[in-house]
Structures are given as C-alpha cells and as structure tokens.
Amino acid sequence: MYRSLARWCHQHAWTVVGLWIAAMIAAGAIAGGLGPSYDSSFSSPASESTAGFETVAEYFPGATSQFVGQIVFEAEQGVDDPEVQAAMSEMFDEAAAFDGVTVISPYSPEGARQIAPGGTIAYAQLNLSEEIDQTEGMEIGVELREAAPEVDGLRVEIGGNMLAEFEPPETELIGLAFAVVVLILAFGSVMAMGLPIGVALAGVVVGSAGLVTLLTKAFTIPDFAPLIGIMIGLGAGIDYALFIVTRYRELTRAGVEPKRSIELAMDTAGRAVVFAGVTVVVSLLGMLLIGLPFVAGMGISASATVFVTLIASITLLPALLSLAHDKVEVTRWRGLVAAGFLALGLLGAGLGAPVLLGVGALGAVLVLLLGSRVPRTQIGPLVKPLAREVPPRRHKPLRDTLAFKWSRTVQHHPWAGLAVGTVILVALSLPILDMRLGFSDEGNYPEETTTRQAYDLVAEGFGDGYNGPFILAVETDSPDDAAVVQQLADMAANTEGVSSVSPPFPNDVENPEAADAFLITIIPDGAPQDEATEDTVLRLRDEIPAIVEGTGVEANLTGSVPAFVDFSDYLSGRNLIFFGAVLAVSFLLLMMVFRSVLVPIKAVIMNVLSISAAFGAVVLIFQRGWGSSIFGVESAPIEPFIPMMLFAIVFGLSMDYEVFLLSRVKEEYDRTGDPRTSVADGLAATARVITAAAAIMVVVFGAFLLEDDRIIKLFGTGLALAVLLDATLVRMLLVPATMELLGNKNWWLPRWLDRILPTLNVEGAALDELVAHEHITVPDDASELAESAPT
C-alpha cells in the first residue's frame with residue numbers, strides 16, 4: 001500500500017501539489033468567509049452548579065448565566081453625574097440590543113449593589129445566553145469597546161472572558177525560524193530543510209484553518225484549541241517529514257534511483273510515521289470517552305490538525321521529492337545564506353520587530369538574485385562564490401561518533417546512569433503532589449488588555465470577590481419555606497470566607513409571599529482562582545444539606561467558581577482512568593512491535609517519569625509562580641483539562657522516538673546477537689535525527705511561551721519540557737543504562753504469548769536489506785549515513 005501510494009504521488013506529482021495548493025486556498029476561504037464558531041462553554045453532568053443554573057434559567061430568565069461579562073466604568077466626577085449616567089445608560093441600551101444579551105444596569109433597582117461605596121466605580125452585568133458562542137461573544141466585545149462614550153473623566157473597560165479580544169498568534173514563526181537553523185545545522189541541506197517545513201505548513205494551514213473551522217460548527221471547540229493544533233501540527237509535521245526525507249537520502253546515497261528511493265522510504269519510514277501519527281490521533285480522540293463536549297472538542301481539534309499533517313507527509317512529500325530529485329543533496333552557498341536571512345526574517349515577524357523582518361526578507365531576496373545570475377560588474381567576483389556548491393559533509397564511522405562513545409560510557413556505569421536519571425526525574429515530579437486543578441481568572445490577562453483593566457477596577461472598587469460571586473438558587477414548595485430561605489442566607493453570612501450576602505430575591509417581586517424561587521448572591525472574600533475561595537464553596541455546600549433536610553426546599557450553589565469546582569472534580573475522577581487506558585494501549589502496541597515484555601514495561605515507566613517531571617515543572621512555574629517575572633505569568637491553579645491533554649499529546653509523540661530508537665537497537669541485536677553493542681550502535685545511528693527532531697519540537701513548543709494567553713503558555717511549556725526530558729534523560733541516559741542491565745532479557749517474550757500476539761511491523765526492512773534487494777553494493781559512506789536517520 002505504501003509503495004503504491006508513493007508511486008502514484010511520484011507519477012502525478014504536479015496533480016498532488018496542485019490539489020494541496022487548492023486545499024490551502026479553500027482553507028483560507030473557509031476561515032475568512034465562513035469563519036469559526038468557537039465555544040468555551042462547559043458544564044459537569046448532574047452537578048450542583050448545573051442544577052443551580054437550570055433553576056435560574058427557569059425562574060429568573062436573564063438574571064444571571066454561566067456566561068457573564070461586565071461593562072466596568074470609573075468616573076472622577078462620580079458615576080451618578082448626569083452626563084456620565086446619560087452616556088452609560090445609552091451604552092447599556094446598545095448592549096441590550098444584541099440578541100441573547102441581558103443587561104443589569106447599576107442604575108436599576110436590581111443593580112443597586114453594583115455601585116462601589118466610593119461612588120466613582122460601577123459596573124453593568126451582561127448575561128449572555130447559551131446560544132452565543134465565543135466567536136460571537138468576541139464580536140460583541142469589539143462592538144462594545146467601539147461604543148464606549150467619550151466623556152471627560154470617564155473610563156470604560158469591558159470585562160469577562162466571553163467578551164475578551166482574541167489575538168492571532170505570531171510566536172509559531174519564532175519556532176519556524178529556529179527549525180530552519182536546526183535543520184540546516186543537522187543536515188546541511190537547504191532542500192532537506194525546506195521540504196519538512198513546507199509539508200508541515202501545508203498540513204497546518206489545511207487542518208487548522210480549514211478543517212477545524214468546519215468542525216467548530218458541529219462541536220464545542222474553545223478558541224485556544226486551534227493554537228494547540230498549530231503547535232502540535234508544526235512540531236509533529238516537521239518531524240514526520242524529516243524522518244521520511246532522511247530515509248530517502250539514505251537510499252539515494254546508497255545508489256538507489258530517486259523514484260525507487262521514494263517508494264522504499266515510504267514503505268519504511270512512512271510506515272513508522274503513520275504508526276506514530278495514528279497513535280497521537282487515537283490518544284487525542286480518547287478524550288471523547290470523558291463525556292464532556294468541551295474536552296472532546298479540544299481532542300477533536302488537535303487530532304484533526306495532526307491527521308492532516310500526517311496525510312501531507314505521505315502524499316505531498318513524495319510528490320515534492322519527485323520534483324526535487326538530486327536537489328535534495330545539492331546545496332549552494334546562496335541557498336544556505338538565503339536560509340539564514342529567512343530565519344532572521346521569521347524571527348523578526350514572530351517578535352514583532354519590523355527591522356529584523358525587513359533585513360531578513362531583503363537579504364534573502366538579494367542573495368538569491370545575485371547568486372543565481374552573477375552580475376558582470378565590480379561586485380561580480382564578490383558574489384560569485386554564492387553560486388558554488390557547499391562541500392558535502394564528511395561522515396564519521398558510526399563507532400567514532402559522540403553518541404556511540406556516550407552510550408558506551410553510560411553502559412560501563414549503568415547503575416550510576418540509572419540513579420542519576422531517575423533521581424532528577426523523580427525530583428522534578430514531586431511538585432505534582434501539590435498540583436491544584438482549577439481555572440485561572442481574568443486577573444491573568446496581560447495588564448494592558450481591557451479584560452484585565454476591568455477585573456482590576458472591580459477588585460479596586462468592590463473587592464476581589466465581586467469578580468466571582470456565588471449564586472444560591474433556591475426552589476420552595478410553600479410560603480412557609482420562606483423561613484428556611486432566610487436561614488440559608490444567615491448561614492452564608494456567617495460562613496468563613498464570605499464577604500457579604502444579599503437579601504433573598506424572589507421570582508415574584510410584586511407578591512413575595514407567592515414566590516416559589518429565590519436567589520441569594522454571595523460575595524466571597526477572595527478572587528475566583530484563590531484556593532480559599534474554593535474552600536468557601538465547599539464549606540457552604542457542607543452546611544446547606546442540614547438546613548434543607550426534611551423540608552420542601554431545594555438549594556444549589558452555583559456561579560462561575562462553583563461551576564469550576566464541579567468541572568475540576570469531574571475531570572479529576574477520570575484522569576487516572578484515561579491515563580491507565582492510554583498506558584495499556586501503548587504497552588500492547590509496543591509489545592506487538594518489539595516482541596518483548598520488558599521493553600514495553602520499561603518504555604511505559606520511563607515515559608510516565610518524563611511526563612510527570614514536565615508536569616512538576618509546570619506546577620512550579622504556573623502554580624507556585626517560580627520565575628513568574630521571566631515567564632510573564634501569575635501563580636494560579638492548573639486548568640483541569642491540561643494534564644489529560646498534555647498526557648495524550650506527549651505520550652503519542654514519545655512513541656516516535658521509542659519506535660525509531662528501539663527498532664534500530666532490535667535490528668542490530670537480531671543481526672549480531674550482542675545485547676550491549678547493539679544498544680550503542682542503535683543509539684549512535686538514531687542520535688542525530690532524534691536530537692534534531694526533539695530540538696525542533698522544543699523550539700516550536702517553547703516559542704508559545706511568548707504568547708499572552710496563559711493556557712497557551714502552559715501547553716507550550718509543558719510540551720517543550722516533556723520532549724526535552726524524553727529526548728535527553730530518557731533516550732540518552734535511562735535507555736542505555738537499563739538495557740545494559742537487562743541484557744538479553746530485554747527481548748524475552750513467552751512462547752505462548754508470541755504465538756497469540758499479532759505482529760506489527762512499523763519500520764519495514766533495514767537499509768542493508770533494501771539495498772541488497774536492489775542489487776546495489778552499499779558504499780562505505782552510505783552505511784555511515786545511518787547515523788543521521790532512523791531505520
């Protein structure tokens with residue numbers, strides 16, 4: 001199948017390229033014309049907060065909702081100033097004109113508590129219906145900012161996550177800039193650099209801009225999900241194409257004709273890429289089993305982008321290779337210098353530095369023009385060298401490489417290597433024990449944004465708790481239950497952590513005695529993300545059952561913070577189940593691939609250690625605030641969906657390195673029967689490509705740390721650290737140490753299990769076998785090329 005697909009793509013190269021160009025144009029048209037419909041709404045099935053919101057929706061339509069925004073304003077002359085009141089009332093009327101938006105004005109009886117004691121700060125609460133998705137909410141926010149009145153001494157800010165403005169990412173360009181440099185340094189070929197990056201970009205554009213935009217119409221996909229897809233798509237897409245290009249170069253250098261090399265590369269490295277890509281996609285789609293649309297949407301979005309980049313790697317890449325032919329191996333100085341200027345331009349674009357962008361773009365164009373046609377002028381002799389070919393690199397014998405020597409050093413001291421690697425990973429993992437799952441609030445937005453300004457104004461005028469009030473939604477059976485309702489209000493007022501409590505508000509204001517539902521607004525002392533605020537929710541919920549027991553009263557504590565608590569509890573109870581399922585599937589797949597019991601067990605344990613260490617570092621930075629001034633983040637809880645998402649992504653990606661490294665080790669072991677030298681040979685043969693692939697992922701993921709969005713920063717940091725630890729401490733230290741200690745037992749498999757266990761071949765034949773089948777004698781340097789490619 002793989003060879004047939006490669007053959008067809010080779011024979012119809014321009015057709016394939018044309019189809020991908022058309023797909024990218026269509027993706028741009030879909031993104032620009034149809035537009036996405038992001039939705040960050042979430043709820044926990046059968047939770048108290050959900051029941052509370054249902055009571056509010058039934059008895060108090062428009063009074064509050066799960067999606068709340070604010071128009072916060074400050075007036076030096078006082079918010080009751082006639083000019084200020086007239087201007088703001090007009091703005092409130094404009095806000096209420098939006099479909100699905102209900103406004104509670106501070107000038108209305110219901111909003112009397114929305115004017116700060118000093119009289120200079122006030123806010124109008126905007127309740128958004130469930131029909132308004134996040135894209136529409138952002139558009140409403142933009143229009144509200146434009147509608148802000150201009151009155152001397154008046155300042156207006158728009159608060160609420162649903163109304164926050166979304167800034168398109170630029171930091172992926174920084175990752176691409178470093179990817180250019182890494183690929184050039186690793187392989188010394190401009191074409192070998194350009195093909196993986198071009199293929200990855202094509203996959204990301206079609207997947208993220210086109211397919212994900214369509215998926216937002218059918219699934220609950222939050223606004224940050226496509227950024228995560230871009231992050232993973234770029235890193236994985238470049239790596240997938242890199243592995244195939246590297247195998248193609250191996251074969252052509254060994255004397256196999258280009259057309260045949262494409263077919264064989266797809267039948268070997270292509271198999272591994274499909275295995276790795278499908279593993280990532282399946283891991284991400286496993287999030288659908290959690291049963292929450294919000295979480296499922298993130299998994300669908302990321303898996304869709306990875307899937308399209310995978311398709312690009314096995315279709316577009318063979319077509320481009322057939323068009324490039326020998327140019328993959330030929331690099332001229334003009335191309336090398338132009339690539340450097342290109343990286344500089346991408347870095348400037350990512351950093352928002354127009355000077356760097358201009359210098360990079362102009363330099364790349366000039367170098368290519370001058371190098372391709374040497375002018376007959378006085379500068380001709382100066383630029384003539386640009387047209388010359390870069391001398392090919394000399395490849396060291398495999399056993400003279402640093403990687404081989406390093407592996408032998410570790411293998412001579414296996415217990416020390418095992419101890420050092422384990423201690424470091426375990427030490428980094430310890431902060432997980434203190435991980436607090438929850439949601440960060442608007443106080444984590446950049447200080448210059450209107451969302452953060454609104455949050456700070458509310459905290460300044462009213463107190464931190466007003467940014468996350470609780471709502472006690474009460475349903476009664478008879479007028480006699482009014483005393484129970486008042487008892488609930490009194491209990492809340494006397495609860496630790498509560499700042500103030502409003503009188504019970506009936507659903508029948510004109511005849512309170514006939515009311516059968518009440519709302520009690522509870523203002524906590526702390527900010528929405530504070531642990532003390534979460535404790536206050538739990539204390540209130542502990543007290544409520546004793547008061548309503550034996551009565552006809554039903555009381556549910558709801559609001560944004562209680563909803564966050566319920567959501568976090570729901571996911572916490574399912575994280576371990578999800579982790580266990582992913583680990584079990586990974587173990588079975590690796591056992592089928594390597595025909596071993598101990599190798600999969602060891603791989604699963606090491607992957608868990610590296611992921612745990614990355615989680616621990618994330619807790620130190622984002623929860624405890626270590627290096628907050630450097631990373632530009634405030635200490636806050638870890639969003640409850642992040643551990644699950646990171647685990648699915650990292651475990652899928654780590655399978656790449658596991659397969660590429662251990663396949664070569666197994667190949668050497670089967671050939672020589674030496675359990676020790678085979679480890680060093682396998683590590684040396686794959687070190688360069690794994691190092692380059694990991695370096696690319698680290699810089700692509702790490703670049704997102706420069707984004708303003710806290711969640712994107714967290715994902716980028718977690719992924720970058722996990723890949724870094726996996727490619728260094730695990731692959732370069734723990735793997736050779738443990739395999740040295742286990743020796744021949746590494747490849748032990750009970751006979752009865754060998755008979756019933758399916759065989760899964762994800763690597764195809766080795767290079768020597770492929771070349772022998774082609775009746776070509778492998779030159780000495782071709783065997784050494786393996787040090788820069790997996791088999």
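Overview of values
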item: Solvent-accessible heavy-atom area per residue, rounded to whole Å², over the chain at 1.4 Å; result: 40
item: Entry for log10 I(q)/I(0) by the Debye sum over Cα atoms at q = 0.06, 0.10 Å⁻¹ (calculated from the structure that is shown) out of [x] -0.45, -1.05; [y] -0.58, -1.26; [z] -0.65, -1.13; result: [x]
item: Karplus 3J(HN,Hα) series, Hz, for the range 8-20 with 6.51 cos²θ - 1.76 cosθ + 1.60 (x for Gly, Pro); result: 5, 5, 5, 6, 10, 4, 5, 5, 4, 4, x, 5, 5
item: Order of exposure, largest accessible area first, which applies to 1, 91 with probe 1.4 Å; result: 1, 91
item: Whole-percent carbon and sulfur share, accessible surface of the chain, 1.4 Å; result: 60
item: The range 241-248 - phi-based ³J(HN,Hα) in whole Hz, Karplus 6.51/-1.76/1.60, Gly and Pro as x; result: 5, 4, 4, 6, 4, 5, 5, 4
item: List 747, 333, 415, ordered by accessible area with a 1.4 Å probe, largest first; result: 415, 333, 747
item: Long-range lysine pairs (8 or more apart or interchain), the chain, Cα under 29 Å; result: 14
item: In Hz, Karplus ³J(HN,Hα) per residue of the range 149-157 (6.51, -1.76, 1.60; θ = phi - 60°; x = Gly, Pro); result: x, 10, 10, 4, x, 9, 10, 10, 10
item: The range 1-76 - convex hull of the alpha-carbon atoms, volume per residue in Å³; result: 257
item: Whole-Å semi-axes of the ellipsoid equivalent to the range 180-307 (Cα gyration tensor, √5λ, descending); result: 32, 15, 11
item: The chain, relative contact order [Cα under 8 Å, separation at least 6], %; result: 18
item: For the range 65-174: span of alpha carbons on each principal axis (Å, largest first); result: 48, 32, 22
item: Furthest towards positive pole of dipole, 324, 628, 704, structure part the chain, Cβ charges; result: 324
item: DSSP bridge orientation in the chain - percent antiparallel, rounded to nearest 5; result: 95
item: Amide H within-cut-off set for residue 160, under 5 Å, with H built and near neighbours excluded; result: 70
item: P(r) of the range 417-523 over all Cα-Cα pairs, binned every 5 Å from zero, in whole percent; result: 2, 10, 13, 12, 10, 11, 10, 9, 7, 5, 4, 3, 2, 1, 1, 0
item: Cα Rg, Dmax, the range 203-262, angstrom units; result: 17.1, 52
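The values are calculated or read from the model by the stated rules, or taken from the named source; none is laboratory data. The structure displayed is predicted, hence computed values, not measured ones. No Cβ is skipped: glycine too gets one built from the backbone with ideal geometry, and neighbour counts run over all protein chains shown. Ligands, DNA and RNA are stripped out before the accessible areas are found, and what is left, the full protein with its side chains, is counted by its heavy atoms. Shrake-Rupley method; radii C 1.70, N 1.55, O 1.52, S 1.80 Å.
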